[in-house]
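Accompanying notes for the structure given below.
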Amino acid sequence: MEDFVVDLTRGNPSSVKTVLASVILALAVYQLLLAAIGYRKLPLISEQAAFFTHRASGDAIAVLIVFVALMCLAVFGFEGDYALHIAAAIGALVVLAIKIAVVRSGKGGQFLPYLGTLLFLLLAITWFTVVPDFLAGED
């Protein structure tokens, strides 16, 4: 599997992972703005349009998160030096799964803002525990 990922990324899995993780974090910030609009904290567009866009971009983020997680596992595995990164990433995947289950079930909607905020925080921790070091050339 590692060879497949290395070939797919043309020998640059860390660079591709960094770019995709940065896209995920940028989209997560966008998700927060859309949620704030949807919950009428920022009255910029209609709530319906904000939540529709939030759901659509959330689907894209979910795919990217799973892709990056699989890529990380295939190439890097569970390295002890990155315990916080690994814990935050696993937490993000669990919260993402719970959030998707809540949305699909139609029950527990009152927890969605908390799940979304927690997911954002876990994604931010995941990003900040690896990407700055890579960008500084320490990878």
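The numbers here are math on the coordinates, done by the rules we state, and not lab data. Since the model is a prediction, treat every value here as computed from it, not as a measurement. Note that we place each Cβ from the backbone using ideal geometry, even for glycine, and neighbour counts take in every protein chain shown.
For the reader, a short list of remarks on this structure follows.
- If the segment from Q48 to N12 were pulled out straight at 0.36 nm per residue, it would be longer than the present Cα-Cα gap by 8.9 nm.
- Averaging 1/r over each pair of different alpha-carbon atoms in region 42-139 and inverting the result gives 15.0 Å, the Kirkwood hydrodynamic radius.
- Per-residue ellipticity at 222 nm, computed for the chain from helices alone with -39500 (n - 2.57) per DSSP H run of at least four residues, works out to -26000 deg cm²/dmol.
- Crossing angle, helix 47-75 versus the chain [Cα axis fit, 0-90 degrees, rounded to tens]: 20
- Compared with the dominant principal axis of the Cα atoms in the chain, helix 83-105 is inclined by about 40°.
- Among S22, S57, S46, the largest mean-square fluctuation in a Gaussian network model of the chain (Cα springs under 10 Å) belongs to S46.
- The 3J(HN,Hα) values that the Karplus relation (6.51, -1.76, 1.60; θ = phi - 60°) gives for region 17-23 are, in residue order, 4, 5, 5, 5, 5, 5, 5 Hz. Gly and Pro appear as x.
- 15 Å reach of a label modelled at D3, 7 Å along Cα-to-Cβ, counting backbone N of region 73-96: 75
- Gap separating the Cα centres of region 14-49 and region 56-126, nearest whole Å: 14
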